[in-house]
Each structure stands twice: as C-alpha cells, then as structure tokens.
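Written out below as structure tokens is the structure these notes cover.
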Amino acid sequence: MSRWKFLLGDVDLNRDLVLLLSVGGLFTLATALSSTFVNVYLWKQSNDYLPIASYQFAIAFFQALTFVIAGRLAKTVDRVVILRIGISFLAIFYIVVLVFETKTLLATILIGAILGVGNGCYYLAFNLLTFEVTEPETRQFFNGFLGLVNSFSGMLGPFIAGAIISSMIGNKGYHFVFMAAVLLFVCAVVLSCFLIKRELDSEFNIKRVILERKLNENWRQVTYANFFQGNREGIFMFVISIYIFLSTGSEFALGKYGLITSLISFITYYIVTRIIKENFRMKAIFLGGFLLFSAVFVIAFKVNFSLLIIYGAIISLAYPIILVPYLSLTYDIIGKSYKAREYRVEYIVIREVYLNSGRMFSIAVFIVCTILFPAKQVIPLLMCLFGTGHFMVYFVMRKLEIKHA
C-alpha cells in the first residue's frame, strides 16, 4: 500500500474512479492507435486540405449537437448507457471507414458526422461521470493521472500503428490498425458495464444554465476560455499530422513523433500532478499557454521533421502544465455554480458547445482562406492567429474570483 501511496500521492481511490480511468485509458489507446492516421489516410486519397478540414468541421458540429441531445437524454437514461452508445458509434466509424470509399467530399463529411456523434455521447458521459465520481480533493489527481494514462497510450499507440502501417503493402496496415481500435472500443464497452448506475435527474433546464452566464462572472469566463481553447484545437488537430507526413512521406515518422512527444508529456503529467497546488494554478495556466503560443513560431514559416520534433517537445511540456490546473478550475467553478448538482449535465453541455464552437470557427476560417488563397501562404498565418488560443485562456481565467481554502 505504501508503494502505491508513493506513486499516487495521498489520494483515496474508489472503485468507480479506477473503472472510469480504465475506460478512459482504453478509449485513449484506441484513439491514439487510429485517429491520427485517419487524417493521413484521407490525405493520401485526396492530396487536398478541403476534405480533411470539412471532415473535422463535421466532427465539431455534430459533436456539439450531440452534446445537447445526449444531455437531454442523460436526464432520463443512465449516463453509463450514453457512454456505451458513444463508444459503439466510434467503433461503427472505423468499420465504415474500412468498408466504404471515403474519396468524395460528401463521404468525408458523413464519416465526420458519425465520429462527431460518437465523440459527443462519449465525452458528455465521461465528463459527467468525472464530475460525479471525483470530489474537489481527488479531481486534480484524476485529471493528472488520466493525462498520464493518455500520454502512455499516446506513446505506444501511434508508434505501433505507424510501424504496422509502414510495414504492410497498400492500405492493409490501415485496415489492421482500424480493426484493433474497434476491438479496444468493445473492451471499453464491456468494462463500462461494471460502473455503478447513477442517480437520474428530472428535467433538462439548459435555459437556466445559459442565463447563469449573465449572473455568474466565473461561469461566463469559463465558457469564453473554452471557446479560445477550441480555436487552437480546430486546425492544429489535423495540420500537424499532415505536416509530418508531407515532411517525411512516412507514417512511421508520425509514430515516432507520437512516441517522443508523449514520453515527454507522460513525465510532465506525473510531475505536474504532484507539484501544482491551488495557489499556483493561474501561474501554471499562464506558463503553459505562453509555451503553446511560442511553439507555433518554430514551425510556422519553415517546416521539416527536426523542427516538428522541437515543436512537439515544447507542446508536450506545455499541455500538462496548462490542462491539469485549467480543467480542475473548470470543474471547481461548475461545482460552485447555481444548482451545480441538479444542473451538472447542462453545465457540461454548455461548456462543450463553446469548445466545439471555437473549433468550428477556426476550421471555417481555414476552409474559406485555403479556398481563396494558396494553402502554403495562408496556413502559417492561420497557425499564428489561432495558436494564441490557449494563451488567451489565461487572460480570461485570471478574471475568476477564486476563494482558496
């Protein structure tokens, strides 16, 4: 027991917390194995940014829409059931990619819609369960340890997948990797069956939580912060993987990039979880946001694999530094908002709508600009513009009125 206490810190673990971490780990491993390579898979079929950007926009749009629908459903159906529905849609997504042609713009939008529905159900349920399973004293541990698991999965997944894809002829490697992801999603569904059934709520009152933005300054700033976070994530989620493939012509290089960056992130998450205390959260958010913004200039105007590795190393240090305190603060603000327990579903829904709205905004700008101007000229400028996203989170979150115990 003392050995585990040394590794985990002074945290009381319960059964549901461990199960939820395990489900999240399987989900992350399946995603790490496959999702990065979907962008490259689509690029190899079109050699054009438009289908990939449209695919990403469809994901964000349907993810936001599904959050609202799943949020209403969560009031009458156990959120663990919604979690299983989400994971099932993710499995269906990879089956569709395997079975059907995805060369047309319409096809990429349709598969993006399927993935968006799956992500919406999964993240709504997972975020809600996180809010219910953790307490303020275990929340930072949960977010940090989940980041640790995500980084470990991020090390193994892309590296193994990249090696498999590169070693097989044609698209056979992609088919193998996508099937492995389906099996991992199935395992996550089975494991979710052991989560304790949660208490259901009676009404879905999203209007009251929207009104709370006007009455609660802290909650309003959190929604703005999520919009800015989404601004960066929107285009960086696919541009970097395409840059790596174009720089090297190899999926295995993408795997090596994932291994190196996730190893750094893995170590950083462990350290950050142990050392960042409540009174240092805002400084950590500033430092992480500044590093993420600064990293953009490493690759904005000149791209090669060495520079991409440097960029990856910087953001791998920065993300744990900003996300652990930022997510913990977000859940703490929600927990102290009006009727947080009764309206926790609505708070999670609104947060995700703002996050995905930020993604849609940056992707929409990307699509318009790459249609009107040469991609090589406009993408660096867009990266500098939307690369400010996480840095802006600090300037929004610093306005929070926080009372320390």
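The values are calculated or read from the model by the stated rules, or taken from the named source; none is laboratory data. Fair warning: this is a prediction, and the values are worked out from it, not measured in the lab. Here the Cβ positions follow ideal geometry from the backbone for every residue, glycine too, while neighbour counts run over all protein chains shown.
Here are the numbers:
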item	result
Test: residue in segment 123-131 that is surrounded by fewer than 17 Cβ atoms within 10 Å (Cβ to Cβ) and of a type outside the set (D, E, K, R)	no
Matching option when the condition is closer than 25 Å to Ser151 by Cα, among the hydroxyl-bearing types (Ser, Thr, Tyr) and in contact (Cβ under 8 Å) with a residue 24 or more places away in the chain, among Thr28, Thr76, Thr66	Thr28
Of residues in segment 156-195 being farther than 30 Å from Val77 by Cβ and outside any helix (DSSP H, G or I), the one farthest from the chain's Cα centre (by Cα)	Ile169
Inter-residue pairs, beta-carbon under 6 Å, first under 20 Å from Ser54 (Cβ atoms) and in segment 350-366, second charged (D, E, K, R), 6+ apart	Arg359/Glu233
Test: residue in segment 28-45 that is more than 22 Å from the chain's Cα centre (by Cα), surrounded by fewer than 21 Cβ atoms within 10 Å (Cβ to Cβ) and either modelled with pLDDT under 85 or under 26 Å from Ser153 (Cα atoms) (or both)	yes
Helices (runs of 4 or more DSSP H) contained in segment 196-311 and holding at least 1 residues polar (S, T, N, Q), modelled with pLDDT of 90 or more and crowded, with 17+ Cβ neighbours inside 10 Å	217-248
Unique match (being surrounded by fewer than 20 Cβ atoms within 10 Å (Cβ to Cβ), at pLDDT 80 or above and over 24 Å from Asp16 (Cα atoms)) among Leu115, Leu110, Leu183	Leu110
Any chance Thr273 is out of contact with any Phe, Trp or Tyr (no Cβ under 6 Å at 6 or more places or on another chain) and either free of Cβ contacts under 8 Å to residues at least 40 places away in the same chain or of a type in the set (Ser, Thr, Tyr) (or both)	yes
The one condition in (1) surrounded by 22 or more Cβ atoms within 10 Å (Cβ to Cβ); (2) among the hydrophobic types (A, V, I, L, M, F, W, C); (3) under 20 Å from Glu135 (Cα atoms) that Ala318 fails to fulfil	(3)
Residues of segment 263-308 classified as within 17 Å of Met383 (Cα to Cα) and not aromatic (Phe, Trp, Tyr), total	14
Residue that is surrounded by the most Cβ atoms within 10 Å (Cβ to Cβ) [pool: residues in segment 325-381 that are farther than 17 Å from Phe227 by Cβ and of a type in the set (Asp, Glu)]	Glu346
Out of Ala107, Ala91, Ala113, sole residue that is of a type in the set (Gly, Ala, Ser), part of a helix (DSSP H, G or I) and within 18 Å of Phe67 (Cα to Cα)	Ala113
